[in-house]
Amino acid sequence: MNSKTLILRSLTYYWRTHLAVLLGVIAGTAVIAGALIVGDSVRDSLRQMTLERLGRVDHTLSSHRFFRQAVADDAFADDETYSAAPALVMFGGLEYQKQPAEHEDATYPTVRVGKVNVYGVDDNFWSMMKADEGSKAPTAFNITLSQRVADQLRVSVGEEITLWIEIPSSIPRDTLLGGGDDQTSQEIILTVGEILREELGVARFALTPNQQLPLNVYVPLDTLQNELDLQEITASRRNPTARPARINAMMVAATRQSSLLTEAQRSADAVNESLANALTLEDFGLRVRKYPERDYFSLESERMILDNATADVGHRVAEELKMKQSPVLVYLANYFMHPDNPDAFSMYSIVAGVDFEDLDASPFGPFELKDGSLEKLDHDDIVINEWLAEDVQIGAGDSLKLAFHMVGDHGELPEEEGYFDVRAVLKLDGTAAADRGFTPEVQGITDVDDIGDWDQPFEMDLDRVTDRDDEYWEAYRATPKAFVSLSTAQSLWSSRYGKLTSLRIAPADGVALDEAAQQFEEKFLAQLVAKDSEVMKSMVLQFQPTKAQGLAAAAGTQDFSGLFFGFSFFLILSAAILIGLLFRLAIERRGRSVGLLSAVGLAPTQVRRLMDTEGVIVVLIGGVVGVGAAIAYASLMVYGLKTWWIGAIGTRFLFVSITPQSLTIGFCIAVIIAWIVIRLSLRLLRDLPTRGLLAGNTEKPLSEDDQRERGRRATKTATICTVTSLVLVAGVLMGIIPATEAFGGFSWHVVAFFLVGIAMLTASLRFLSAWLDSDHSGAVSGSGLLGIGRLGLRNASRNRQRSVLSVGLIASATFVIVAVAAGRRNPAVETPQLVSGNGGFIHVAESSTPLLYDLNTDEGRNKLDWITDDEPEEAELAKKMEVIPFAMKPGENASCLNIYQTRLPTILGVTDEMIQRGSFKFADTRVERPWALLTQNHEDEDGAPVIPVLGDMNTLMYSLKKGIGKTISIPNDENPDYKLKVMGMFDGSVFQGMLMMSEANFRKLYPEQVGYQYFLIGDRRFRRDGTASHHFTPSETQKIAEVLETRLGSYGFDVEPIGDRLADFLAVQNTYLQTFQTLGGLGLLLGTIGLATVMLRNVLERRSELALMRAIGFGTSKLAVMVMWENAFLLVWGLVAGTISALLAMGPHLLTTGADVPWLSGGLILLLVFLVGMVAALAAVAEAVRTPIVSTLRAQ
Amino acid sequence: MSDLSVQDLSKDFASPAGPLSVLRGADLAMDRGEAVAITGPSGSGKSTLLYIAGTLDEPSSGSVSIDGVNPFEKDETELASFRNQHIGFVFQDHHLLPQCSVLENVLLPMLASGNVAKEEEARAAELLDRVGLADRVTHRPAQLSGGERQRVAVCRALINQPLLVLADEPTGNLDRETAESVGTLLLELGKEQNTMLICVTHSEELAGRFPRHGRLRDGKLEE
């Protein structure tokens, strides 16, 4: 006989009691380890999805500019380590109209899908994606669709669909020669050749990590090149200019796979080096044009304008080679005119901005003067050639009127006029003024024979072109007729794309032109492709380790372990309370045995150690079994995420991933919690006298004074907790408690919610404790059912701690269920309101092709081919409609819809109009005009500019983990190109997943992003003061969406009701809440089990009392009523306490718009819990009255 | 000095009507081998006196000395050890551990000092043999009759050869015949082991068989 024997005997003898504790531990372990497994599963699934999504592709390059397809071969054809696949990666829109059957008299509506990822690919890509096993790369005019696209279009294999895709323009569309109002989209009719099942990785191919299914279509690379004029052109008699095929993307697969980001970055560096060696000036759209007649060469761009970074490199290289240079900015003058004589004019001429000092000597000068002087030229001074002087009939000292187009924000071309002082007239023939090298070559303009043949994108008044103008063109082409200082030209005509049209460079002394040009070209190219080259960065001509980044991002923006831990918090709490309650019941039942051990001389510590060891053994066994249950629980949760709760993560490609670490951690946490609970339960033995224990007393005997004092203390604690809760709620409502991050991704509001919840639950339990200690609880008076009921209530106070713990179980589970129900939001109930997540708008739209023109004006709409002359209803709607455009730089989806870790979210450029308009609900942004914060530029400690941004709270707090005042480095913290500073946060807005900056800053940062691609559509008649509003009717709202999608179909314009977009975001939140509610329901189940156990125990302990009452004439029904009263009292207290606590904690949310509490279903759940609890009590009564009265009395 | 000396012992309990005095200056002195039966009406303080003598309760005033030691000067752990070494209990409710066998129940006090040696097991078996339960050593309490259970409790009280055995209504739950045999056993074993035996009982018959008989009246013990 030793203590081990005693423990073993106790374990086996009291197996029923231990089994109950064991089940509690199993539940706790299952929930804790299960939460960790869910986290592992999501993480590993995301990793697997990344691997499937990218196939063998390791590195990707996706540029907004086009370069030679041959680069892929030049860089990697002879490389055994890497293989490359050329591609075109673009956005597009799809249209499909089902054709009626032969004898069918029906017209089917056109179905449109916008913002589709269009990939022009060849067999290389297909094999790289390992897709060639199950499918074939598209050929000819076939298009391969991902299942999601096919589903949305409702199209099947063999049917024809239309693809609208933006036509690439070498000259930016929002510049004068950029082709703004030309056809911007190409319509391609294609036959659906194959529909890719979602299981195939290629159906989910994406360059940025996102678990949501992308809208992917694949078109043969050569077909797409042909349609977009990117195909190879071989020189012919008809077209003497040869041109290589072009692409804008490349995928590279490495023979040696590497999942480590650092190793992958090294591999990407090696790939980038190969790329750099293969690039030529042509790939940058640059050329060096030689002018042997004047012995210099010129650096020009096919974009017409040299971007600043490129010009800087050119300038630097020329300096290094000691070559003289002359920067030039030319612009098209619509006309020059004598200020007082409208008949003296010259149409469509070039004016050049130059540094006149560069023109003093050969080869750029000198200018020969016919009249006037070139000394000290001022800002308003101009120098003209003799041809122009003759046309406008003026000379040196006269004034000259110059008209030219400006390019407006919305692509409009207002004509500006300026007056210049003519300082000199230049001789033309045979002089530097006749140099054609001032103007870079522009296809369709400088290479045509007649002004009338110009392929210009704006309207020309050809009627005013004179014979003299034609003669000049024939003789001198685009040679400037006038010159201003470079600074004057740049102040008038430079754009965000650059401030020079060419850089003319003369060979160093003694070096031949060809040799000098070659020297320059080599050195210039070397600097262009150098690592960290600004030009490479701005063109995004760099490979990224996409697979490694995707695998790193799989760590996830949301820690699902933590999330499910949080979800399960109250379930774990319930399990812990249940373990404590059951263990306590077990100890109480063995009180006499404990007393005996003490009486025979075992020290209190020995007694407690014996009990403790017993508990630990039960806990350990429970933990081990619980680990198995955890796997089952996690499997159920993962199944739930793939099915019932698919809204939370939006993918079915999840699998259960079990790691020993998670199981061990879950086991340890659960065992430690259970052990702590058991130790706390054992504390009750500490204060109990042995004599009392021997007599079966397990409640500490208290004098009435002590009892009153205990009641007073409980009331005091309860009052403090209640006041604290009210103060916290008021703090949140008044904005004193911020919504910023407190810790670990939890905002102060969430912290306040938990504190209010815990404080209110504590208050309710302390109030109950105080009441049970008071005289009121013991007062038995009255007659009939009321009297019996009072007796029932008195019984509740007999085992005060038992009653309080049971109520605690019920209350905490009720709290979860009610709080979750109160947390639901329904955007459908949110009407357009200025201070809300919809900002007063009705629709949100995105276009595949950027729109330049203003949809709010007839002129803008007309330029977009939206003519409403024959559609009075449309015209009326268009007039009532207000469209706020945003410039957009697509990035990763940083909304809650994406569970990958995001780095570079989509950026929106906010127009001044929107900044003025304001609206939307902000969180913790306590300034009168939050949008105006976007116009305040800042600097960091090093004096570098920091750009102010606004973002949605969810995006900032949970995806990017940045609060107000924090800076975000783009593209990463290690090597930032620029920094953004969070100035304010939207609250539950449609802008989830994006960051907003002023359009001015946007255009500076992303000069290549043209026009607008994101739109908010509202009602022009909507009153901005919010006091009264005029909204579109539902039919008008729907009509607007239809009209916009139809009229702007070629731009891939995709309109979505703003409520639907918000609903998508809220679906995630609501789904999480649903998950939470389910787990809360399990907690309530545990609570009900706990209460039922307590009631059964109470009734069994009182069996003799009940027998006695039966003996003296109480019927079974009356006894049932008595027990039910007690049970109902505890149940109702728990349910009401949980409900009030939850409603108070959720008070701030309930007062916001969009709160959509399912009162009925929530109430029904609570009623169901009440009924189940009452049935359990009834079962306890039935058990108690089952034994005959006499034997029960005798047994006692 | 006597082996057990209880002097001027008082014990008060709190009650709504103020302190309730149960013992008011009770005295008792005993030496090894002596046996005392204490009787008195319900609520007279018999069990209170017994539990104080057994160190399971503390007096409000007065002193207790067992083998020359004031046990109430010891801390909790020392007191438990003292009780284990010097005192044995027999309760009205036998208080056997239902999960343990007869032999294990007898050996229970030995657990306080660690593992049980073979000799101690032999001694327990001997005691059980002495009370006529040699063939029941492996049985569980639930398999025994009331008298048998109480005999096991007596063996448990004596296993550590205590100086003092305290019996609280040891025959209260037994029929007359069984009560008589248990009483006899207590007295015989007490004598054999040269221990002091105090037995609290309502049974005048049992009390009459004890060499000394005290009555508690008005909180004082009268012999």
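Coordinate-derived values only; no laboratory data. Given the structure is predicted, the values throughout are model-derived calculations rather than measurements. Positions of Cβ are generated from backbone atoms using ideal geometry, with glycine treated the same way; all protein chains shown enter the neighbour counts.
If you take the beta carbon distance between A:E709 and A:V927 as r and set R0 to 56 Å, what does 1/(1 + (r/R0)^6) give as a FRET efficiency, to the nearest 0.05?
0.60
Gain in length, A:I617 to A:L733, computed as 0.36 nm per residue apart minus the alpha-carbon separation, to one decimal in nm?
On the way: separation 116, 0.36 × 116 = 41.76 nm, distance 4.89 nm.
Roughly 36.9 nm would be gained on extension.
Between amide H atoms placed 1.01 Å from N, distances below 5 Å from A:K115 occur with A:G92, A:S848, all of them 5 or more places distant or on a separate chain.
How large is Rg over Rh for chain B, taking Rg from the Cα atoms and Rh as the Kirkwood inverse mean of 1/r across Cα pairs?
Values: Rg = 17.2 Å, Rh = 17.7 Å.
That ratio equals 0.97.
How would you order B:161-170, A:962-971 from highest to lowest mean count of nearby Cβ atoms within 10 Å? Spell out each step's value before the answer.
Working: B:161-170: 22.4, A:962-971: 17.2.
Highest to lowest by the protection proxy: B:161-170, A:962-971.
Sorting the segments A:288-294, A:348-354 by their residues' average number of neighbouring beta-carbon atoms within 10 angstrom, most packed first, yields A:348-354, A:288-294.
Remark: mean inter-chain Cβ contacts per residue of B:104-111 equal 5, using a 10 Å Cβ-Cβ cutoff to other protein chain atoms. Which of B:L111, B:L185, B:L49 moves the most in a Gaussian network model of chain B with Cα springs under 10 Å? Of the options given, B:L111 has the highest mean-square fluctuation. Rg and Dmax of the stretch A:838-1052, both derived from C-alpha coordinates alone, stand at 18.0, 60 Å. Among A:E1126, A:E415, a tally of other beta-carbon atoms within 10 Å of each Cβ gives an order, fewest to most, of A:E415, A:E1126.
Projected onto the charge dipole of the stretch A:805-902 (+1 at Lys/Arg Cβ, -1 at Asp/Glu Cβ, origin at the Cα centre), which of A:A811, A:V835, A:L852 gives the Cα projection farthest towards the positive end? With unit charges placed on the Cβ atoms, the residue in question is A:A811. Per-residue Cβ neighbour counts within 10 Å put A:E375, A:E417, A:E166 in the sequence A:E375, A:E417, A:E166, beginning with the fewest. For the stretch A:1007-1015, 3J(HN,Hα) computed residue by residue from phi via the Karplus equation (6.51, -1.76, 1.60; θ = phi - 60°) reads x, 6, 7, 9, x, 10, 10, 10, 9 Hz, glycine and proline entered as x. Say we join alpha carbon atoms closer than 10 Å with springs in a Gaussian network model of chain B; which of B:G40, B:G54, B:G132 then has the biggest fluctuation? Its mean-square fluctuation being the largest, the pick is B:G132. Working from label points 7 Å from Cα in the Cα-to-Cβ sense, the A:I189 to A:T234 distance is 3.0 nm.
Straight-line cross-link partners of A:K499 among the aspartates and glutamates, defined as a Cα under 14 Å from its Cα and at least 8 positions apart when in the same chain: A:E300, A:D307, A:D312, A:D355. Placing pseudo-labels 7 Å out from each Cα toward the beta carbon at A:V946 and A:D295 gives an inter-label distance of 5.5 nm.
Determine the shielding of peptide A:605-618 by partner chains: average, over its residues, the number of Cβ atoms on other chains within 10 angstrom of each Cβ.
Numbers: counts 3, 8, 2, 0, 0, 1, 0, 0, 0, 0, 0, 0, 0, 0.
Average per residue, whole number: 1.
Charge dipole (Cα centre; +1 on Lys/Arg Cβ, -1 on Asp/Glu Cβ; no other charges) of the stretch B:1-132 amounts to roughly 320 debye. Report summary: the helix-based calculation at 222 nm, which adds -39500 (n - 2.57) for every DSSP H run with n ≥ 4 and divides by the residues of chain B, gives -9500 deg cm²/dmol. Placing unit charges on the Cβ atoms only, positive for Lys and Arg and negative for Asp and Glu, gives the protein assembly as shown a dipole magnitude near 11680 debye about its Cα centre.
Could you sort out which of A:K376/A:K1004; B:K11/B:K220; A:K322/A:K523; A:K130/A:K889 sit more than 22 Å apart by Cα distance in this structure? Don't jump to the answer; show the numbers that get you there.
On the way: A:K376/A:K1004 33 Å; B:K11/B:K220 11 Å; A:K322/A:K523 13 Å; A:K130/A:K889 31 Å.
Distance filter (> 22 Å) returns A:K376/A:K1004; A:K130/A:K889.
What is the angle, in °, between the Cα long axis of helix A:660-686 and the longest principal axis of the Cα atoms in chain A? Nearest 10 is fine, range 0 to 90. Compared with the principal axis, the helix lies near 40 degrees. As a rough guide to protection, the peptides B:146-153, A:524-531, A:197-204 ranked by mean Cβ packing within 10 Å, highest first, stand as B:146-153, A:197-204, A:524-531.
A dipole drawn for chain A from +1 and -1 charges on Cβ atoms has a positive end, and of A:G640, A:Q901, A:I867 the residue lying farthest that way is A:G640. Stretching the chain fully between A:D870 and A:T643 yields a gain of 76.8 nm (0.36 nm per residue, less the alpha carbon separation).
Given the DSSP H assignment, sum -39500 (n - 2.57) over each helix run of at least 4 residues in chain A and divide by its residue total; what's the result at 222 nm in deg cm²/dmol, nearest 500?
Values: 36 runs with 531 residues, N = 1196.
Computed ellipticity for chain A at 222 nm equals -14500 deg cm²/dmol.
Around the amide H of A:S298, modelled in the peptide plane, lie the amide H atoms of A:R289, A:K290, A:Y291, A:I505, all under 5 Å away and 5 or more residues distant in sequence or on another chain.
Helix A:704-733 and the longest principal axis of the C-alpha atoms of chain A enclose an angle of approximately 10°.
Nearest 0.05, what FRET efficiency do B:E126 and A:T12 give at R0 = 22 Å with Cβ-Cβ as r? Numbers along the way, then the final one.
On the way: r = 28 Å, r/R0 = 1.28.
With a Förster radius of 22 Å, E is 0.20.
Mind giving me the FRET efficiency for A:A344 and A:D380? R0 is 25 Å, r the Cβ-Cβ distance, nearest 0.05 is fine. Let's see the in-between values first.
On the way: r = 20 Å, r/R0 = 0.80.
It comes out at approximately 0.80.
Other protein chain C-beta atoms within 10 Å of residue C-beta, averaged over A:587-599: 4. Evaluated at q = 0.11, 0.13, 0.18 Å⁻¹, a Debye calculation over the C-alpha positions of the stretch A:82-254 (equal weights, vacuum) places log10 I(q)/I(0) at -0.52, -0.70, -1.19. For the protein assembly as shown, the share of alpha carbon pairs falling in successive 10 Å distance bins from zero is 1, 7, 12, 14, 14, 11, 9, 7, 7, 6, 5, 3, 2, 1, 0, 0 percent. Between helix B:176-192 and chain B, what is the angle of the helix's C-alpha long axis to the longest principal axis, kept within 0 to 90° and rounded to the nearest 10? Tilt of helix B:176-192: around 90 degrees.
With both labels modelled 7 Å from their Cα along Cα-to-Cβ, the B:D8 to A:C668 distance reads 6.1 nm. Summarising the strand pairing of the protein assembly as shown, around 75 percent of its internal DSSP beta bridges are antiparallel.
Under 23 Å of direct C-alpha separation, and excluding same-chain neighbours fewer than eight residues apart, A:K370 reaches these lysines: A:K401, A:K427, A:K481.
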